[in-house]
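Peer 1: Let me give you the structure first, and then I'll get to my questions.
The values are calculated or read from the model by the stated rules, or taken from the named source; none is laboratory data. Quick caveat: nothing in here was measured; it's all calculated off a predicted structure. Here the Cβ positions follow ideal geometry from the backbone for every residue, glycine too, while neighbour counts run over all protein chains shown.
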Amino acid sequence: AHEIHLASRPHGWPTQDNFRTVEVDLPDPGPGEVLVRNTFLSVDPYMRGRMNDVKSYVPPFALDAPMDGGAVGEVVSSGSDDLKPGDTVLHQAGWRSHALLPARGVRRIDVSAVPASAYLGALGMPGMTAYVGLTRIAEVREGDTVLVSGAAGAVGSAAGQMARLLGAKTVIGSAGGPEKCAWLTDELGFDVALDYKAAPIGRQLREHAPVDVYFDNVGGDHLEAAIFAMADFGRIAACGAIADYNADAPVPGPRNLMMVVSKRLTLRGFIVTDHSDVTSEFYRTAGAWAAAGQLQWRETVVDGLDNAVDAFLGLHRGDNTGKMLVRV
Ligand code: NDP
């Protein structure tokens, strides 16, 4: 089996030298354990934060140890009565070809209607992030104008579609490049897609104000532009700030924070894992939307564990449309 270790902590943009592929021999599963052959690994923006040695909502990756993260795979052999060879499972031992795990650390998934990889995207953690942000944090209401940044990514593409399904009147997305923007408006039903690489986002947003809800995946200039565009009493779900993740020094905040006061805005951050009480509601609701064809997704698949670091870096450059995955 092969696994990818963090060899050193990156400063600014990671490089290949920060990672090492290590070959290991895995024993047969003992009682209560399963051996899983991974088929798809998730690379996610939050993993960049875990490469730093700082206290946060998830502990940092250890040096010279396999990194982890969402993955799906097939049970190869099992020491548990609950799982049998051939079962498709979801677990957290990503960044490796095979994983030996306690059976309680894996969840069997139903792949009769959707492919296993969907459980890493629209029907998994990113989809649930979109759902929690809209329903529990920004509390989207009938008739709202909703703005989503990073809208052609895993979370953003789900958030825009879900906003509409939850009653939004107008859905605006921002993304980098004309192909991504065309996907949003032509296939996902966004009313407006703004290509932030073509012109400053603040200037483009002006004609679409006022915005009731902003689902922020980007931070930086997007957050400042959104604050300018918000309606009085608008709600901002602060989900991520990918524009800043590879900065090697602290970045300045929005220059217009006083508008949070004058417009009486709510700006509320959240972490999806705090909301496990929403999990069954999310699976039920998103599963029904997907079955009805109302929730769609795309995947950008990079082949080979050896290319997982490239996939991770590509995610931060915007190489992905929809969910970025590694096929092992
Ligand atoms: P995405 O699939 O959205 O991939 C990242 C995207 O970010 C890229 O495709 C790129 O798209 C965009 N991007 C990169 N740099 C910039 C920049 N400087 N300005 C604008 N866009 C940029 O990733 P996810 O859907 O997995 O995650 C989206 C966000 O949600 C992240 O901020 C992540 O940290 C956050 N998140 C938060 C969670 C929570 O619990 N709070 C849980 C999961 C995710 P483009 O080509 O359009 O630039």
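Peer 1: Pull out all pairs, ordered by first then second residue, where Cβ-Cβ is under 9 Å, the residues are six or more apart or on different chains, the first lies in the stretch 18-31 and is surrounded by fewer than 12 Cβ atoms within 10 Å (Cβ to Cβ), and the second is assigned to a loop (DSSP other than H, G, I, E, B) and among the hydroxyl-bearing types (Ser, Thr, Tyr).
Peer 2: Filtered contacts from the stretch 18-31: Pro31/Ser80.
Peer 1: Quick check on my filter: what residues within the stretch 90-118 are buried (at least 24 other Cβ atoms within 10 Å of the Cβ) and either assigned by TED's automatic domain parsing to the domain that holds Ala237 or in a strand (DSSP E or B) (or both)?
Peer 2: Arg96, Ala99
Peer 1: Additional query: Which number in (1) crowded, with 23+ Cβ neighbours inside 10 Å; (2) among the hydroxyl-bearing types (Ser, Thr, Tyr); (3) out of contact with any Asp or Glu (no Cβ under 8 Å at 6 or more places or on another chain) marks the one condition that Thr135 misses?
Peer 2: Every condition holds for Thr135 apart from (1).
Peer 1: Something else now. For the stretch 105-124, enumerate the residues that are touching a residue at least 24 places away in the same chain (Cβ under 8 Å) and among the charged types (D, E, K, R).
Peer 2: Arg108
Peer 1: Which condition from (1) surrounded by 19 or more Cβ atoms within 10 Å (Cβ to Cβ); (2) within 25 Å of Tyr283 (Cα to Cα) is the one that Gly167 breaks?
Peer 2: The number of the failed condition is (1).
Peer 1: From the list Pro254, Pro178, Pro250, Pro210, pick out the single residue that is surrounded by fewer than 15 Cβ atoms within 10 Å (Cβ to Cβ) and within 26 Å of Met47 (Cβ to Cβ). Explain how you work it out, then say what you get.
Peer 2: Values: Pro254 fails: surrounded by fewer than 15 Cβ atoms within 10 Å (Cβ to Cβ); Pro178 fails: within 26 Å of Met47 (Cβ to Cβ); Pro210 fails: within 26 Å of Met47 (Cβ to Cβ).
It is Pro250.
Peer 1: Please indicate, with yes or no, whether at least one residue in the stretch 185-197 is closer than 22 Å to Glu281 by Cα and either of a type in the set (A, V, I, L, M) or in the same structural domain as Val43 (by TED's automatic domain parsing) (or both).
Peer 2: No.
Peer 1: Collect the residues in the stretch 300-328 that are more than 8 Å from the ligand (Cβ to nearest atom), touching a strand residue (DSSP E or B) at 6+ places or on another chain (Cβ under 7 Å) and part of a loop (DSSP other than H, G, I, E, B), keeping them in residue-number order.
Peer 2: The one that is more than 8 Å from the ligand (Cβ to nearest atom), touching a strand residue (DSSP E or B) at 6+ places or on another chain (Cβ under 7 Å) and part of a loop (DSSP other than H, G, I, E, B): Val328.
Peer 1: Now a separate question. Spot the failing condition for Arg141; the list is (1) touching a Gly at 6+ places or on another chain (Cβ under 9 Å); (2) surrounded by 18 or more Cβ atoms within 10 Å (Cβ to Cβ), and only one is missed.
Peer 2: (2)
Peer 1: Another question about this same structure. Within the stretch 268-285, how many residues turn out to be touching a residue at least 60 places away in the same chain (Cβ under 8 Å), part of a helix (DSSP H, G or I) and either in contact with a Cys (Cβ under 6 Å, 6 or more places away or on another chain) or within 15 Å of the ligand (Cβ to nearest atom) (or both)?
Peer 2: So the answer is 6.
Peer 1: Next up: For the stretch 17-55, what are the residues that are closer than 30 Å to Cys239 by Cβ, part of a strand (DSSP E or B) and among the hydroxyl-bearing types (Ser, Thr, Tyr)?
Peer 2: Thr39, Ser42
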